[in-house]
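Below you'll find the structure, written out as structure tokens, and then a few comments.
The values are calculated or read from the model by the stated rules, or taken from the named source; none is laboratory data. It should be emphasised that the depicted structure is a prediction, and the values quoted were computed from it without experimental measurement. Positions of Cβ are generated from backbone atoms using ideal geometry, with glycine treated the same way; all protein chains shown enter the neighbour counts.
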Amino acid sequence: MAAYGIVGLVPIVIGQNKGAFAPRLEETTATSGAIKRHTLVFDKPDSSLSPNVEWEFEFIIPASYSATTGYRFNLWWAVDGLPTGNVVWGIKFEKIKTTTSQVVDTYLTAQETTTAVPTTANGHAATVLSVVIANLDTPAKGDVYRALLYRKNSSATDTFVGAAKLVSVAIEDY
């Protein structure tokens with residue numbers, strides 16, 4: 001029987017910004033100065049200049065992995081003001097092997113989805129990117145992966161002109 005549930009959370013301050021148009025880290029501090037919150041801001045630059053705003057991170061397949069259908073990457077993100085439109089999110093993977101180049105990207109098939117921006121002022125939205133095992137190069141316990149999460153600016157369905165602010169990424173086995 002498969003073990004379903006949250007596998008882990010990806011710290012959004014870990015990872016590397018990739019490419020000329022990368023998300024920028026935004027830090028919010030409470031008025032008392034005691035609490036700091038971080039978000040990665042996926043701006044929408046001119047899509048003719050950059051097809052994507054990209055963020056790369058690594059994760060390990062946990063010991064509890066049971067070769068189920070795949071993984072869900074649950075994104076929790078926010079916007080400022082009362083916007084309209086859609087954001088196209090995508091994710092793709094590369095299994096890190098002894099022959100994996102640190103210079104050349106060998107990502108597998110991407111998974112993309114379109115999500116409407118929140119309809120409330122300064123609201124949050126949830127996006128789920130479900131990735132089947134075939135697009136993970138048959139994972140096994142202990143395998144290390146590099147993931148590339150991006151906002152696809154060049155898509156005609158990414159109509160939101162503002163910044164999508166990534167608050168949290170949770171990985172779920174399903």
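Looking across the stretch 60-100 at every residue that is among the aliphatic types (A, V, I, L, M) and touching a Lys or Arg at 6+ places or on another chain (Cβ under 8 Å), the one that is nearest to residue 116 (Cα to Cα) is identified as 87.
A single entry from 33, 15, 81 fulfils the requirement of being surrounded by fewer than 15 Cβ atoms within 10 Å (Cβ to Cβ) and at pLDDT below 60: 33. Within the span defined as the stretch 93-106, one or more residues are over 17 Å from the mean Cα position of the chain (by Cα) and assigned to a strand (DSSP E or B). Output yes when any residue across the stretch 156-172 is under 17 Å from the mean Cα position of the chain (by Cα) and part of a loop (DSSP other than H, G, I, E, B), and no when none is. Yes: the stretch 156-172 contains one or more residues that are under 17 Å from the mean Cα position of the chain (by Cα) and part of a loop (DSSP other than H, G, I, E, B). Across the stretch 133-174, the number of residues qualifying as of a type in the set (A, V, I, L, M) and closer than 19 Å to residue 40 by Cα comes to 11. Given the condition touching a residue at least 40 places away in the same chain (Cβ under 8 Å) and in contact with a Pro (Cβ under 6 Å, 6 or more places away or on another chain), answer yes or no: does some residue in the stretch 162-173 qualify? There is at least one residue in the stretch 162-173 that is touching a residue at least 40 places away in the same chain (Cβ under 8 Å) and in contact with a Pro (Cβ under 6 Å, 6 or more places away or on another chain).
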